[in-house]
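Notes for the one structure printed next.
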Amino acid sequence: MPTNLYRFSLFASGLLIAFLGTLSTAHARRASKDRDSITTVVIDAGHGGYDRGGIPGQRVAEKEMTLDVAQRLKKVLADNGYRVVMTRDSDVFVPLGTRVAIANSYANSIFVSVHFNSAKRSGASGIETYFYDRESLPLASAIHYFVAGGAASSNRNVRRRGYYVLRKNRNPAVLVECGFLTNPSEAALAQTASYRQKLAEEIAAGVRGRSTVASARSTTRVATGESIPLQPYIDQTRVTKSKSSRSKRSHKKSTRRKKSSSNSGESEAKKTSSKSQEG
């Protein structure tokens, strides 16, 4: 082989090897980035162990319903390619601090706490979803959108509340109340496997759709690429403060009216006394 042709062949081979190496490195980096970007979903089954959940005398144990829905949710999300971590996977008690520590130990994760509601009034019903910080609102809104839309219960809205597992979480965190176990109709539904499966699938749909949640105007409940409307929420802190402020303002007005009435009475009494003396 002529010398120049041989040198060109070596040069071309070197370029090809370098190019393939660059492609391989880029692919490895991209694969690594994809793995790092996979969101870990930390599922928290409320209560457990000696903590039965609910209120005294409640017939259906909340801890059993939350664990079953959480385990079903785990399977649905795992089948969709998510890495899933459970704060509890059996009937054991896990302190709130431990639940949060588990969630915070995973970077780029989201936290979903599954609960059922209870009330002294058996007529209380509906689905409500809680969040604490603004970063958690899209997740709460998406999950609530699907669960409230798919469940046979009324919509109690998305609410802001400073629950420990939400307040102390460094990642987006929500707590979803899947209905009232003290409501005969909702308790009967919760005790059916098909309904618990339905709840798990709707929560999973919310997890998958969280990135598309925006201030969309559409109200069509479709998960195929359409934007999910941002749910309105009730800020319980502001509501409480507002009620307190109104109460204080009302008290001040009442006090001023009483003082005014008292002063007016005193003035009238003085006038009457003066007229009497003059007469």
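Quick notes
- Taken over region 86-119, the criterion of being out of contact with any Lys or Arg (no Cβ under 9 Å at 6 or more places or on another chain), β-branched (Val, Ile, Thr) and surrounded by fewer than 22 Cβ atoms within 10 Å (Cβ to Cβ) is satisfied by Val92, Thr98, Ile102.
- Residues that are assigned to a helix (DSSP H, G or I) and crowded, with 19+ Cβ neighbours inside 10 Å, drawn from region 150-178: Val165, Leu166
- Here Gln58 meets the list (1) in a loop (DSSP other than H, G, I, E, B); (2) touching a Ser or Thr at 6+ places or on another chain (Cβ under 9 Å); (3) surrounded by 20 or more Cβ atoms within 10 Å (Cβ to Cβ) almost entirely, failing just condition (3).
Every number in this text was worked out from the coordinates using simple rules, so none of it is lab data. Since we're looking at a predicted model, the values are computed, not measured. Positions of Cβ are generated from backbone atoms using ideal geometry, with glycine treated the same way; all protein chains shown enter the neighbour counts.
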